[in-house]
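**Q** Pasting a structure below so you can have a look.
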2 protein chains.
Amino acid sequence: MSPIERHKKEKGDLRRIILSAAREIFLEKGFDQTSMRTIAQNIGYSATTIYLYFKDKDAILYALHKDGFDILSRQMEVLIHVEDPFERIKAMGRLYLHFANEHHDYYDLMFVQKAPMDSLNGEHETWKEGQSSFDALRFSIQECMDKKLLLFKDADAGAYLVWSTMHGMCTLYDRGRCKVLDEEKRDLIVDLAFNEFISLLEAFRA
Amino acid sequence: MSPIERHKKEKGDLRRIILSAAREIFLEKGFDQTSMRTIAQNIGYSATTIYLYFKDKDAILYALHKDGFDILSRQMEVLIHVEDPFERIKAMGRLYLHFANEHHDYYDLMFVQKAPMDSLNGEHETWKEGQSSFDALRFSIQECMDKKLLLFKDADAGAYLVWSTMHGMCTLYDRGRCKVLDEEKRDLIVDLAFNEFISLLEAFRA
DNA sequence: TTTTTTATATTAACAGTGTTAATTAACTTT
DNA sequence: AAAGTTAATTAACACTGTTAATATAAAAAA
């Protein structure tokens with residue numbers, strides 16, 4: 001299919017075409033190896049055309065990072081049916097770890113890379129994708145606090161703490177810092193540590 | 001001072017000269033903005049000369065990441081005088097957070113960036129800098145376990161958990177994910193969350 | 001229908017990146 | 001003095017994100 005045919009056929013929403021191509025390459029070759037030129041070549045356009053639809057590369061990354069949140073949110077949604085807030089938090093944690101392990105390029109964009117965040121640095125811009133995820137966590141933390149299942153003093157701090165722990169486990173592992181552990185222990189350390197964390201939380205009640 | 005004079009004067013250990021120049025620029029302009037050419041220009045050599053002393057850029061980053069561990073280790077050393085292992089862990093945690101905040105470019109190299117790790121991927125190469133830091137943490141964790149101050153089942157998992165929590169707090173903050181919090185709370189969230197974590201650990205004893 | 005305007009896409013170019021190969025300059029050894 | 005060795009250099013490759021100027025197509029106005 002020649003570029004011209006392509007244009008005719010899929011005209012109308014080049015922005016989306018760029019995004020889906022970017023996503024495809026991004027997921028296959030990783031974030032660093034995805035250049036503007038490779039994206040452009042893949043959809044039969046020149047590299048500079050992309051700049052008519054996105055301010056810069058960061059803007060694409062920001063748009064893609066939303067995809068990650070879509071996946072994560074959809075997975076998290078089903079957990080509202082878990083009535084016990086503590087069990088819900090446990091499930092959220094496990095799901096978070098699983099997501100990070102499954103979609104670790106998206107995870108990188110969502111929670112590690114600076115680039116997507118820079119794209120919303122219009123001072124008053126808020127990070128609504130991350131916000132709603134965090135709010136969901138904080139809500140469950142607050143519910144645990146109300147029911148004396150967790151003795152946090154501050155719901156924000158508690159939620160941030162739980163999030164940090166999950167995030168830390170994911171990233172230390174992903175960035176190869178597990179080298180400090182015996183080789184046979186490395187692959188299950190996240191599970192082991194998660195279980196220890198749950199034990200820790202379970203001991204933190206009135 | 002002309003390049004020639006410079007050569008005469010500091011001859012003998014160009015490797016070290018490269019490193020100290022790299023460190024200087026690195027700490028000033030950050031890791032991403034430090035290119036081979038800027039390092040070279042700074043010491044009056046051509047960029048390719050660096051490749052006579054370092055395999056590639058990652059090798060420089062690996063060498064620099066050691067500096068970070070030197071600083072951190074030296075600071076941690078004094079804590080062996082804290083006799084109560086639980087208090088020692090608390091102090092280690094605080095110090096870790098402080099270090100990450102103070103030297104956050106080094107921290108990036110030590111615990112976030114993939115580059116330095118890739119440089120020791122000669123299969124059987126071990127990460128001795130990180131190892132000894134982790135061992136120190138695990139030792140104190142084990143001591144707490146022995147004294148029933150912490151009910152972890154596995155010292156490695158416990159140490160990894162504590163480390164992860166600290167690391168997670170640092171990196172989420174550093175990478176701008178604090179945007180989910182009220183503006184006035186953002187700057188003290190690490191302290192708040194750390195205190196919650198200590199409370200959590202304190203409740204985890206026999 | 002022809003001309004003008006507008007939107008879209010392209011080429012050329014800039015200023016950079018890490019890195020390799022070939023080459024020159026300097027110092028040792030024979 | 002000639003040959004060999006080491007150290008540093010220049011030139012070049014194949015990239016990167018991005019901007020300005022240019023061409024092409026479609027739509028609107030004449």
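A short reminder: the numbers here are calculations on the coordinates, not readings from a lab. These numbers come from a predicted model, not from an experiment. Ideal geometry is used to build each Cβ from the backbone, glycine not excepted, and the neighbour counts take in all protein chains shown.
**Q** Just need the relative contact order of region A:21-94 here, percent rounded to a whole number, with Cα pairs under 8 Å and 6+ apart.
**A** Numbers: 29 pairs, mean separation 13.4, N = 74.
Computed value for region A:21-94: 18 percent relative contact order.
**Q** Using only the Cα atoms, what convex hull volume per residue in Å³ does region B:90-206 have?
**A** Details: hull volume 13.7 nm³, N = 117.
Looking at region B:90-206, the number lands at 117 Å³ per residue.
**Q** Another question, then. Excluding B:His167 itself, what net charge comes from residues whose Cβ is under 11 Å from its Cβ, given Lys and Arg +1 and Asp and Glu -1?
**A** Numbers: positive: A:Arg175, A:Arg177; negative: B:Asp174.
Taking every Cβ under 11 Å from that of B:His167, the sum is +1.
**Q** Suppose R0 equals 41 Å; then what is the FRET efficiency for B:Leu14 and A:Leu95 from their Cβ-Cβ distance, rounded to the nearest 0.05? Before the final figure, lay out each step's value.
**A** Numbers: r = 52 Å, r/R0 = 1.27.
With a Förster radius of 41 Å, E is 0.20.
**Q** Please work out the Cα center distance from region B:168-205 to region B:34-80, rounded to the nearest Å.
**A** 31 Å
**Q** Using Cα atoms only, what is the angle between the long axis of helix A:14-29 and the major principal axis of chain A, expressed in degrees (0 to 90) to the nearest 10?
**A** 60 degrees
**Q** Let me ask something else. Would you work out the relative contact order for chain A, in percent, from Cα pairs under 8 angstrom that are 6 or more residues apart?
**A** Values: 149 pairs, mean separation 35.4, N = 206.
Reported as a whole number, the value is 17 percent.
**Q** Put the label 7 Å from Cα along Cα→Cβ for A:Leu151; what are its distances to the other copies, in nanometres, shortest first?
**A** So the distances to the same position in the other copies read 1.2 nm.
**Q** May I pose another question? How big is the protein assembly as shown by the Kirkwood estimate over distinct Cα pairs, in Å?
**A** Working: mean 1/r = 0.0427 Å⁻¹.
The answer is 23.4 Å.
**Q** If you don't mind, there's one more thing I want to ask. Take chain B, compute every pairwise Cα distance, and split them into 10 Å bins from 0; I just need the percent in each bin.
**A** Binned Cα distances yield the sequence 7, 29, 29, 20, 11, 4, 0.
**Q** Further question: Just to be sure I understand: with springs between alpha-carbon atoms less than 10 Å apart, which residue in A:Tyr45, A:Tyr96, A:Tyr107 has the highest mean-square fluctuation in the Gaussian network model of chain A?
**A** Sorting by GNM fluctuation, first place goes to A:Tyr45.
**Q** Okay, moving on. Across region A:136-146, in residue order, what do the Karplus-derived ³J(HN,Hα) couplings come to in whole Hz, using 6.51 cos²θ - 1.76 cosθ + 1.60 with θ = phi - 60° and x for Gly and Pro?
**A** Per-residue couplings from phi come out as 4, 5, 4, 4, 5, 4, 4, 5, 5, 5, 4 Hz.
**Q** For chain A, what does the helix formula give at 222 nm: sum of -39500 (n - 2.57) over DSSP H segments with n ≥ 4, over the residue count, nearest 500 deg cm²/dmol? Display every interim value, and only then the final one.
**A** Values: 11 runs with 136 residues, N = 206.
My calculation for chain A gives -20500 deg cm²/dmol from helical runs alone.
**Q** Let me ask another. For the pair B:His81/A:Ala203, report the inter-label distance in nm, with labels modelled 7 Å from Cα in the Cβ direction.
**A** 3.0 nm
**Q** Spelling out what I want: for every residue of region B:185-201, take phi, set θ = phi - 60°, compute 6.51 cos²θ - 1.76 cosθ + 1.60 (Karplus), and round to whole Hz; glycine and proline get x.
**A** 8, 4, 6, 10, 4, 4, 5, 4, 5, 4, 4, 4, 5, 4, 4, 4, 5
**Q** Quick one: in chain A, whose Cβ comes closest to the A/B rotation axis, and how close in angstrom?
**A** In chain A, the Cβ lying nearest the symmetry axis toward B is A:Gly168, 1.
**Q** Could you work out which residue, out of A:Gly176, A:Gly93, A:Gly30, moves most in a Gaussian network model of chain A, that is, has the largest mean-square fluctuation with Cα springs under 10 Å?
**A** Between A:Gly176, A:Gly93, A:Gly30, it is A:Gly176 that shows the largest mean-square fluctuation.
**Q** Hey, in the GNM for chain A with a 10 angstrom Cα cutoff, which one of A:Cys178, A:Cys170, A:Cys144 fluctuates hardest?
**A** A:Cys178
**Q** Nearest 10 degrees is fine. How inclined is helix B:57-77 to the longest principal axis of chain B, computing both from alpha carbons?
**A** Compared with the principal axis, the helix lies near 40 degrees.
**Q** If you put a point 7 Å past Cα along the Cβ direction, how far is that point for B:Ile80 from the same point in each other copy, in nm, smallest first?
**A** Spacings between copies for this position, smallest first, are 5.5 nm.
**Q** At B:Ser35, label 7 Å along Cα→Cβ: distances to the other copies, nm, ascending?
**A** The projected label point of B:Ser35 is separated from its counterparts by 1.4 nm.
**Q** So, in nm, how far is label A:His104 from label A:Lys153 when the simple model puts each one 7 Å beyond its Cα toward the Cβ?
**A** 3.7 nm
**Q** Long-range amide H contacts for A:Trp127: which residues qualify at under 5 Å (H placed 1.01 Å from N, peptide plane, sequence gap of 5 or more or a different chain)?
**A** So A:Trp127 has HN proximity to no qualifying residue.
**Q** Okay, next question. How far is helix B:85-102 tilted, in degrees, relative to the longest principal axis of the Cα atoms in chain B, given as a value from 0 to 90 rounded to the nearest 10?
**A** Approximately 40 degrees, to the nearest 10.
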